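Student: Here it is, the structure in full.
The values are calculated or read from the model by the stated rules, or taken from the named source; none is laboratory data. Predicted, not measured: the structure shown is a model, and the values here were computed from it. Cβ atoms come from the backbone with ideal geometry, glycine included; neighbour counts cover every protein chain shown. When the accessible area is computed, the model is the full protein with side chains, heavy atoms only, and any ligands, DNA or RNA have been set aside. Shrake-Rupley method; radii C 1.70, N 1.55, O 1.52, S 1.80 Å.
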Amino acid sequence: MQKLHCNFFFLACFVFSATLAHSWSQNREFNQAKNYEGSSDLVDLQYHMGPVLTSPINLYIIWYGKWNPAHQSTIRDFIYSLSSPAPYPSVADWWSTVRLYTDQTGSNITRSIALSGEFYDSAYSHGNYLSRLSMQSIIKYAVTSPYPRALPLNPHNGLYLVMSSPDVRVQDFCRAVCGFHYFTFPTIVGVTVPYAWVGNSGTQCPGVCAYPFAWPKYSGKPPPSTNGGNNIMRAPNGDAGADGMISVLAHELAEVSSNPLVNAWYAGDDPTAPTEIADLCMGVYGSGGGGGYVGVVSKDKWGNGFNVNGVKGRKFLVQWVWSPVKRRCFGPNAMD
């Protein structure tokens with residue numbers, strides 16, 4: 001991870017590799033699951049004594065730009081699903097792997113994530129091109145706007161999420177990042193709080209940041225589907241940009257919770273470029289995943305791909321994360 005989380009550079013590499021990969025059968029992929037889901041011999045994930053998010057999380061969303069209300073509802077329902085029961089395998093079951101990570105007192109990451117406030121920055125307060133650092137200024141704007149619009153500034157258990165609309169361009173978006181997490185500087189926001197940004201790639205680079213719901217532009221063919229073929233996978237909530245954001249959001253929530261100050265759980269010797277618990281499982285959504293194949297996932301009655309269930313009958317496709325117990329990538333839809 002760079003100073004601001006940008007390991008999604010490897011997603012572009014991953015998608016490119018997908019275009020070169022052979023179309024293997026599902027059985028062949030599944031039989032090689034242990035090879036593609038990560039090897040404990042190659043991963044040196046370590047705890048560096050920093051905090052993890054053990055207290056119940058109050059999540060505050062900043063909707064930057066002009067948003068489709070239906071897409072906002074999809075994202076809200078995913079957040080609600082993190083702490084709510086749903087049929088197995090559920091989003092909450094997926095989060096249970098993230099919860100296995102502890103701090104130096106042995107306390108686990110919290111199971112409670114509550115959507116505690118929303119701010120609508122539909123006037124593009126900082127323009128329609130954003131630098132990475134400007135995310136902190138957007139948070140500052142959201143917590144200092146006139147009441148009752150302002151979000152609370154919560155340095156105790158607040159987590160701030162900037163979600164940018166499809167027309168907003170962000171530094172390195174689509175080229176090196178699909179999302180990142182970091183923490184605010186007191187000189188900008190007034191306190192240190194963890195935050196994350198995720199962009200909607202629907203009109204800019206869905207083949208990179210909404211994979212596997214869109215073709216990489218340079219591939220000449222769609223990415224692998226649930227059966228290992230080359231048919232494009234349909235988004236479970238009907239929009240590649242919004243459904244792609246869900247998996248990136250899941251990725252960032254897992255990492256900001258396990259490494260909020262960039263001094264807790266990560267692999268590698270360089271704390272300015274750590275490999276975190278979701279980076280280790282990039283592109284893996286089911287058993288046998290890897291090498292350009294998403295893995296064994298389910299289809300709903302309309303043929304849309306998903307691997308976890310959420311509230312209100314929602315279905316989502318989220319990437320797996322590294323399990324410190326199994327010492328491999330894992331999700332609740334695993335077949336072994």
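Student: Taking 0.36 nm per residue of separation and subtracting the Cα-Cα distance, what length does fully extending W302 through K217 add?
Tutor: Gain on extension, W302 to K217, equals 28.0 nm.
Student: Kindly provide the trypsin sites (Lys or Arg not before Pro) of the range 240-336 that DSSP labels as loop, not H, G, I, E or B, and whose Cβ sees at most 16 other Cβ atoms within 10 Å.
Tutor: Filter output for the range 240-336: K301, K326, R327.
Student: I'd like the accessible area for L42: 1.4 Å probe, protein heavy atoms, all chains in place, Å² to the nearest 10.
Tutor: Per-residue accessible area (L42): approximately 150 Å².
Student: Spelling out what I want: for every residue of the range 69-79, take phi, set θ = phi - 60°, compute 6.51 cos²θ - 1.76 cosθ + 1.60 (Karplus), and round to whole Hz; glycine and proline get x.
Tutor: x, 5, 6, 4, 5, 4, 5, 4, 5, 5, 5
Student: Rg to Rh for the range 48-178: what is it, with Cα atoms only and Rh by Kirkwood?
Tutor: 0.99
Student: Same structure again: Below 12 Å, Cα to Cα, which aspartates and glutamates can K312 reach? Residues fewer than 8 away in the same chain don't count.
Tutor: Straight-distance partners of K312: D77.
Student: Now, a different point. Around L130, which amide H atoms from residues at least 5 apart in sequence, or from another chain, sit under 5 Å from its own amide H, with H modelled in the peptide plane?
Tutor: The answer is R169, V170, Q171.
Student: Pull up all non-local amide H partners of K315: gap of 5 or more, or a different chain, and H-to-H distance under 5 Å with H placed in the peptide plane.
Tutor: Distant-sequence amide H within range of K315: G310.
Student: Right, another one. Under the Karplus relation 6.51 cos²θ - 1.76 cosθ + 1.60, θ = phi - 60°, what is the ordered set of whole-Hz ³J(HN,Hα) values for the range 313-318, x standing for Gly and Pro?
Tutor: Result, rounded to whole Hz: x, 5, 10, 9, 10, 10.
Student: Additional query: So how do 105-114, 278-287 stack up, highest first, on mean other-Cβ count within 10 Å?
Tutor: For the peptides 105-114, 278-287, the packing ranking is 278-287, 105-114.
Student: Further question: So how much slack lies between S55 and Y88, counting 0.36 nm per residue of separation and subtracting their Cα-Cα distance, in nm?
Tutor: This chain segment gains 9.3 nm when fully extended.
Student: Oh, and also: Subtract the Cα-Cα distance of V43 and S112 from 0.36 nm times their separation in residues, and report this length gain in nm to one decimal.
Tutor: 22.0 nm
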